[in-house]
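Here the structure comes first, spelled out in structure tokens, and everything after it is commentary.
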């Protein structure tokens, strides 16, 4: 460093190292570091972290022109009024690096701002009165509040509590507003960071009150605030103050926009929420809108909310696009090769309702999820998307029966940038050869015509479960979506093998992913798929039209596959060995004829395997024996030894041949396993469960079927697997006693969401179930089968304490429904699947109709006619597109008289046997009724 030049217009500013007071300063000048701010080389000190550390740990003198200090700093201008004004040497009690940043700003005009230093820099600016630097900090804040850089957002969130504190102490209103504004705009990113829990209450309150609060869903806001409360140490706070905080924060959460399953899981907080304001939070900064599960959202609410969307002050009045009303879809005829069939059909343009306010155009909004929003008509959704989301790239509308495939061609004009569309529906699969009586009544006929605008950017399309999807419609869709890469037509039973093949032939580049589970895919598709080697995902499970030769033809050229699902098909060794790919991450060969030898060969070629499903593969018992022999080789671990080096394995579903030896072969290296399912043919005991708990303590799901476990095994699971979210035990050889049930109550994993105890706890009492329901209030799925001592008290316990259930199955459980099932309909409003069979005669005849009206998300209902008070059930006779209920199963039984034809029960009545099942399905175009022999 150059020696400072002595002059009357120079100021010598002395700084002490941390921990040293001014009274201890007695060092000579040679022990002091001197920096001349007037020469450019002096700034080299500030670009080197090591040199900066030296500055903080040594006495430092900075030489600055007095005129420069007085020009920018009111602090040094004020020194003129004191005796220090004539002095050329001043001691400064400030962090030397912060002052250096200010001095650099004086000379260069640049201000280096890092989020972690904003608070102290602000204090330095206020202390020295550098107003221009404060303006620069405020300008940086304005730009930063709208940043998309996740790293910068994370750093600001960590620093924002100290910035908020400093700005409040110094009365910097602009900075105070920045803190609440930044947090409001970036709330979702901030809530996912651990630093969110350190936010002060006042800042969080200002954030949730901001009109710019931007959240993709009200449920995310609700969850974040609940987690913030749980992380606070409020032991010293008065109860009234705690409740005031809850009321002030949670009172801004709009209950009608929280999915029922989320709201009911935290039922105790419902009274704090806002039950009046139904407006959707839509701001100029919104990029993704998730309304899934919000059954109260309708078309008027969409338009009303977008009209009230909050925008930044600088954009108010500048967006003329918000005044434009979409004229709808122009009429046009199909441009496909099927003009002769569709030329007489025209698209009807959606009509705008006069009561809808004009919404604003939100350029940033690219993702919209309206799953389970059955109150939004298709035409209204099209108009709203066209007005509000011109840059929409992803539309998710699953479980919306009121929305059909005809939505896609209409959106081709309104949202030309669409890349992903998901219109999947929940449904069940019924094989044609199982049906012995059928009846179908057409409700309305749907044709698909296309507007003048093909979807050139659509790459992903999911139509799973769409029974109205025919060969003609699929052909027309793919002809106008030439960029399509991912297609899901699983459970689309109206599609034929030839129709699927002809449609796929229209795609010039071929598919990247094809999911066609439970369809009629056969030889035509096999020939087509055999010529494609770019597939990464292929799911053909339960496609019974496939032959082993056809599967072999498909696999021999597929080297890029990462996901391969061929369960429940004609797959055998000869077909599986044709596969030469080395990128597999997921493999399912359940219920096929593959042997251990061929399976081991594929596993050996798949170093990145993450998921494996071999349940029901009886031939892996002993690869040397014939097909009809089921012998157990002493070397049980040989097959699973191949998995030892698969460090990425996260999911394992096994059955035959999996025992203690297979477990021993795998456990040395498998630490990432999260999901374990052991089915028929496996042989696990309590000792095995102890080993599983010890080696795979991070398991999130364990499912055991036909195993030899009892109370001790359950206790091993509960004590060792504290991360468990899914516990399924069914049809085991041993039973759970009151001791095991007590352990389940007292040691229930905190995150348990799914509990299945089918034919495993036959001695469960009403009191046991009451205690269990009280400790499992957040369950989303609960299944009990064979608990013969339960009464209607237990059904009341379930309905009162397990309100968040989306799936409930109760079968052969004593007299649960002796007093009817109304309590379930009144309390468990989030139910999507409900199965009540053989639980006692008492279910109302109108139960199906009441369930349809009371449960907004219910799509699957299964009952037994034996339980009806009048031996029959009233069912809907018309199709209402807004109704979510699409499948009703009514099982019927027959009684055999006593004697050699059938046993007599203790009450003198003959035992009931299953006769058949009536399956009722409502789709967009028909009411379908059939009778099958088996119980679904």
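Where a number appears in this text, it was derived from the coordinates with a stated rule and is not lab data. Since this is a predicted model, take the numbers as computed values, not measurements. Because the Cβ atoms are built from the backbone with ideal geometry, glycine has one as well, and the counts that use them run over all protein chains shown.
Among 456, 864, which comes first, then next, by fewest other beta-carbon atoms within 10 Å? Can you show the working numbers first?
On the way: 456 13, 864 26.
Exposure proxy ranking, most exposed first: 456, 864.
Assign one of three labels to segment 764-936, namely rounded, prolate or oblate, based on the Cα gyration tensor with a ≥ b ≥ c the square roots of its eigenvalues; rounded applies when a/c is under 1.5, prolate when it is not and a/b is larger than b/c, and oblate otherwise.
Taking the square roots of the gyration eigenvalues as a ≥ b ≥ c, segment 764-936 is oblate.
Ranking 617, 723 by Cβ neighbours within 10 Å, fewest first, what do you get? Could you put the intermediate results ahead of the total?
Working: 617 24, 723 15.
Ascending Cβ contact count within 10 Å gives the list 723, 617.
Assuming R0 = 35 Å, what is the FRET efficiency of residue 296 and residue 723, from their Cβ-Cβ distance, to the nearest 0.05?
Values: r = 35 Å, r/R0 = 0.99.
Computed FRET efficiency for residue 296 and residue 723: 0.50.
Using Cβ counts within 10 Å as a stand-in for footprinting exposure, how do 222, 300 rank, fewest first?
300, 222
If I take R0 = 30 Å and measure r between the Cβ atoms of residue 58 and residue 131 in this structure, what FRET efficiency does the formula 1/(1 + (r/R0)^6) give, to the nearest 0.05?
0.45
Using the Cα gyration tensor of segment 791-856, with a ≥ b ≥ c the square roots of its eigenvalues, what is the shape: rounded (a/c below 1.5), prolate (a/b larger than b/c) or oblate (neither)? Spell out each step's value before the answer.
On the way: a/c = 1.64, a/b = 1.21, b/c = 1.35.
It comes out oblate by the Cα gyration axes.
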